[in-house]
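Since the structure comes first, as structure tokens, the remarks are kept for the end.
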Amino acid sequence: MDIEMDRLSSGASYKLLTALVVPRPIAWISTLHLDGRVNLAPYSFFNVLGNRPPVVAFGPGYKTDGSTKDTAANAERSGEFVINMVDPSLVAPMHQSAAPYPADVSEAELLGIEMVASHTLRTPGVRASRVRLECAFERRLVIGENQILFGLVRHMYAEDGLLDPQTLHLAPQAFTGVGRLQGPGWYCTTSDQFDLGAFPRAPEQKA
């Protein structure tokens, strides 16, 4: 099938892209409301986009009424957010936090998710998350009806045992991440891992 994407409705293109661009890593993002309440919500339009400096980006979309989602509004206003990486032990509370709670409700409080102080930010992270990225809000980019928020990773927390202290290499199979698949409730893990070794060299060209 050859599909002209610009002829599809936004709903149809969303279903196609989220079903076939998989798996997508999950940014479980904590931010602070003006009154100090913790907002906690997952986003799978997310990835690392560079390392000089370390850049991450996520696409929070909009609420059904067209207004900006709490995560985006809080991050831009406060200038910071925390990405809490998700492993299988956190799938259930992460999934529950995706519900459209009112702005005056703290998902962390409502769901009993324990938070922990960050090293460089006012915004706390999820204590049970084995990897947390403390990010400074960089900018917001609007393309059509999409908004993309960029952040600079200022500090990383990694649970003891995940990384070699000298090389900072991840211990083999030490961290099992969770990714999004199609539909509202399909997920996968990175437990099925394999190593193909170093990237191959290009063949030498004959004169």
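Summed over the range 115-159, the residues that are among the polar types (S, T, N, Q), surrounded by fewer than 16 Cβ atoms within 10 Å (Cβ to Cβ) and over 19 Å from LYS69 (Cβ atoms) give a count of 1. When only residues in the range 44-75 that are in contact with a Leu (Cβ under 7 Å, 6 or more places away or on another chain) and surrounded by fewer than 18 Cβ atoms within 10 Å (Cβ to Cβ) count, which is farthest from GLU134 (Cα to Cα)? Only one residue fits best here, namely PRO53.
Reported count of residues in the range 76-99, each being out of contact with any strand residue (DSSP E or B) (no Cβ under 8 Å at 6 or more places or on another chain) and either under 19 Å from TRP186 (Cβ atoms) or surrounded by 21 or more Cβ atoms within 10 Å (Cβ to Cβ) (or both), is 5. Summed over the range 63-121, residues that are closer than 29 Å to GLU145 by Cβ, modelled with pLDDT of 95 or more, over 18 Å from the mean Cα position of the chain (by Cα) and not in a helix (DSSP H, G or I) total 1. Among the residues of the range 5-25, are any within 20 Å of the chain's Cα centre (by Cα), in contact (Cβ under 8 Å) with a residue 12 or more places away in the chain, surrounded by 12 or more Cβ atoms within 10 Å (Cβ to Cβ) and part of a strand (DSSP E or B)? Yes - at least one qualifying residue is present in the range 5-25.
Does the range 109-121 include one or more residues that are acidic (Asp, Glu), farther than 12 Å from VAL38 by Cα and out of contact with any helix residue (DSSP H, G or I) (no Cβ under 9 Å at 6 or more places or on another chain)? The answer is no; no qualifying residue exists.
Just one of the numbered conditions (1) of a type in the set (Lys, Arg); (2) assigned to a loop (DSSP other than H, G, I, E, B); (3) touching a residue at least 24 places away in the same chain (Cβ under 8 Å) is not true of ARG201: (3). In this structure, PRO184 does satisfy being within 18 Å of the chain's Cα centre (by Cα) and modelled with pLDDT under 90.
Only one of the numbered conditions (1) under 21 Å from PHE150 (Cβ atoms); (2) touching a residue at least 12 places away in the same chain (Cβ under 8 Å); (3) surrounded by 17 or more Cβ atoms within 10 Å (Cβ to Cβ) is not met by ARG37, and that is (1). Of all residues in the range 86-113, which are touching a residue at least 60 places away in the same chain (Cβ under 8 Å) and among the polar types (S, T, N, Q)? Within the range 86-113, SER97, SER106 qualify.
The values are calculated or read from the model by the stated rules, or taken from the named source; none is laboratory data. Small disclaimer: the values here were computed from a predicted structure and weren't measured. Neighbour counts run over all protein chains shown; Cβ positions are idealised from the backbone, glycine included.
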